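Chemist: The structure is given below, and queries will be raised subsequently.
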Amino acid sequence: MRTAVRTAGLALAATMAVAGCGGSGGGAEQEETAPAREGSPPPAAASASSDAAPGGGPAGTWESIVDGSEIATMVVSGDEVTTSGPLSCPGSLSTEGGETVITLDCPGGSPGRERGTVETNPEGDRLFISWEGEAWGGYVDSFVRTGG
């Protein structure tokens, strides 16, 4: 009888482990609520297109989520981009190979922020730019939508 109870207990524990039952709430929920590395896009970030973001894709007014960022705000209207802050300059938005790309045309250059891939989250209220850079991957700027 003890063997049957022990076997049933082990089977129940194995079933709970496989089903994801436990005190921590499961892996998928933890991934969504785990803090992301500052400035990096979340794992669920979607390509910045009007289909992917109900908020209209990258069009709109965006504010940096990092105090003292090189780009304080960014306005995207059609294929035109304007930034403000220490790095205030015009730029353009285009689609290349299925990715949305921003290119800044700053007088005197913008070291590390000349060309980057744009992504938005599924809700369309966060925007991330992964700038082309050194082997480590370049800067990542993160923004929150402040206007449509």
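Chemist: I need the shape label for the stretch 70-148. Rule: rounded when a/c is under 1.5, else prolate if a/b > b/c, else oblate, with a, b, c from the alpha carbon gyration tensor.
Modeler: Note, shape of the stretch 70-148 comes out rounded.
Chemist: Follow-up. At 1.4 Å probe radius, can you tell me the per residue accessible area of the stretch 90-143 in Å²? Write out the running numbers ahead of the final one.
Modeler: Numbers: 2670 Å² over 54 residues.
Here the per-residue accessible area is 50 Å².
Chemist: If DNA, RNA and ligands are ignored and the probe is 1.4 Å, what is the ranking of Ile65, Ile102 by accessible area, most exposed first?
Modeler: Ile65, Ile102
Chemist: Sort 121-131, 135-145 by the packing proxy (mean of other Cβ within 10 Å over each peptide's residues), most packed first. Numbers along the way, then the final one.
Modeler: Details: 121-131: 19.6, 135-145: 16.2.
Ranked by mean Cβ neighbours within 10 Å, highest first: 121-131, 135-145.
The values are calculated or read from the model by the stated rules, or taken from the named source; none is laboratory data. Nothing here was measured: the structure is a model prediction, and the numbers come from that model. Using ideal geometry, Cβ is built from the backbone for each residue, glycine included, and neighbour counts are taken over all protein chains shown. Heavy atoms of the whole protein, side chains included, go into the accessibility calculation; ligands, DNA and RNA do not. Shrake-Rupley method; radii C 1.70, N 1.55, O 1.52, S 1.80 Å.
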